[in-house]
1. Let me confirm something: among Leu150, Leu100, Leu129, which residue is open to solvent by less than 10 Å² (accessible area, probe 1.4 Å) and either away from the ligand (no atom under 16 Å from the Cβ) or under 19 Å from the mean Cα position of the chain (by Cα) (or both)?
2. Being open to solvent by 10 Å² or more (accessible area, probe 1.4 Å) and of a type in the set (D, E, K, R) is the filter here; which residues of region 160-186 pass it?
3. Mind listing whichever residues of region 43-71 are more than 16 Å from the ligand (Cβ to nearest atom) and either open to solvent by 30 Å² or more (accessible area, probe 1.4 Å) or within 23 Å of the chain's Cα centre (by Cα) (or both)?
4. With respect to Glu31, determine if the residue is surrounded by fewer than 17 Cβ atoms within 10 Å (Cβ to Cβ) and more than 16 Å from the ligand (Cβ to nearest atom).
5. Listed residues Arg2, Arg22, Arg7, Arg38; which is at pLDDT 95 or above and open to solvent by 80 Å² or more (accessible area, probe 1.4 Å)?
6. Can you tell me which condition Asp157 does not meet? The list is (1) open to solvent by 10 Å² or more (accessible area, probe 1.4 Å); (2) outside any helix (DSSP H, G or I); (3) over 24 Å from Asp212 (Cα atoms); (4) of a type outside the set (Val, Ile, Thr), and all the others hold.
7. Considering region 121-138 alone, what residues qualify as being within 16 Å of Gln54 (Cβ to Cβ) and touching a residue at least 40 places away in the same chain (Cβ under 8 Å)?
Amino acid sequence: MRSFLGRDILALKDFERQEFFRVFDVAEQMEPIARNRRNVDMLKDKTLVTAFYQPSTRTRLAHEAAMHRLGGHVTGFSDAKMTRAGDWYQESIKDTVKMLEFYGDVIVMRHYQKGAPAEAAMWSSVPILNGGDGWGEHPTQILTDLYTVLQQKHHIDGLRWVAVGDMRMRTMHSLGYALTQFDCPITFVAPGADDLFPGSPDMRMPEEYKKDFASYSLDFREAEHVEQVIAEADVILVEPVIQPDYTKARQEAATDYSLTPANYKITRELLATKAKPDAMLLHSLPRMDEIPLDVDTTRWSRYWQEAFNGVVMRMALLALVLGATE
Ligand code: CP
């Protein structure tokens, strides 16, 4: 297995099976620290730099919270507009990262351009963690989700997944790649072009990913309505279909957006009448109306557990890439 020390975490494509289990083992070790709201001194000499070119609540703050839990320091920016990368100069990734690498020991980057964290990793002497890149990947989120499943179900192999939402989403790509390493069939449920409203984009899994998943022997298929497939699911992972364009730095809220059609919506009634009693429902959040609030208090919802594990997983990744556990 490749060492995690000094390693960039850019994608789950080509992440190997035993590497998943190594990360999950370390997360399990970290969990009591977060659970008991303790801070330890494992990373007391280390600093995390946050470079967020797109808005975030969970990814940035979970990384920051994780660093604090491990006794480390945090600096960085949450709005590139206040840096030279986002003002008149539009400073390049290279020039920005050649500065940031001197301000800390690891950088977590979110960017609206697919591949930006990988470009940063070419120039950085410290590890880069991809906090989500355009319509690319979101590896730390899906590691969190798989860990949540493992924690709840005690195994991952053999579970059947249904993923609902916009398949252009970076989480969906990381999920597909991750499941190539497990015995987990998956069904993708997403709107085609014009399905939401006239002119709405095709949100089905892009061909380039389907080709790639097929070459890795992922057992996947597609469906049009969640109602057709939810009964077979052990894990239901949902993302919005009403959402901003992830290739833009920022988009203001639309005032005239449509509601999520029933095809992509998980209601109490649907769960109660069709879902397996022990299925688990994940959503990385933020949400629109695809999971109504009253689903929160059903037996299926696990997204608050997922949110807690977001800190645990980032603790594990920081400890691994900064060499606190090897
Ligand atoms: N799930 C997730 O990536 O949330 P944020 O956009 O708030 O970071």
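The values are calculated or read from the model by the stated rules, or taken from the named source; none is laboratory data. Being a predicted model, the structure only gives us computed values, none of them experimental. Every residue, glycine among them, receives a Cβ derived from its backbone with ideal geometry; neighbour counts consider all protein chains shown. Please note that ligands, DNA and RNA were not included when accessible areas were found on the heavy atoms of the full protein model with its side chains. Shrake-Rupley method; radii C 1.70, N 1.55, O 1.52, S 1.80 Å.
1. Leu129
2. Arg160, Arg168, Asp183
3. Lys44, Asp45, Lys46, Thr47, Val49, His68, Arg69, Leu70
4. no
5. Arg38
6. Among (1) open to solvent by 10 Å² or more (accessible area, probe 1.4 Å); (2) outside any helix (DSSP H, G or I); (3) over 24 Å from Asp212 (Cα atoms); (4) of a type outside the set (Val, Ile, Thr), the lone unmet condition for Asp157 is (3).
7. Matches in region 121-138: Ile128, Leu129, Asn130, Gly131, Gly132, Gly134, Trp135, Gly136, Glu137, His138.
Residues checked against (1) touching a residue at least 60 places away in the same chain (Cβ under 8 Å); (2) under 24 Å from Glu64 (Cα atoms); (3) assigned by TED's automatic domain parsing to the domain that holds Arg287:
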position	(1), (2), (3)
Gln113	yes, yes, no
Val149	yes, yes, yes
Asp166	yes, no, yes
Thr171	yes, yes, yes
Ser174	yes, yes, yes
Ala178	yes, no, yes
Cys184	no, no, yes
Glu208	no, no, yes
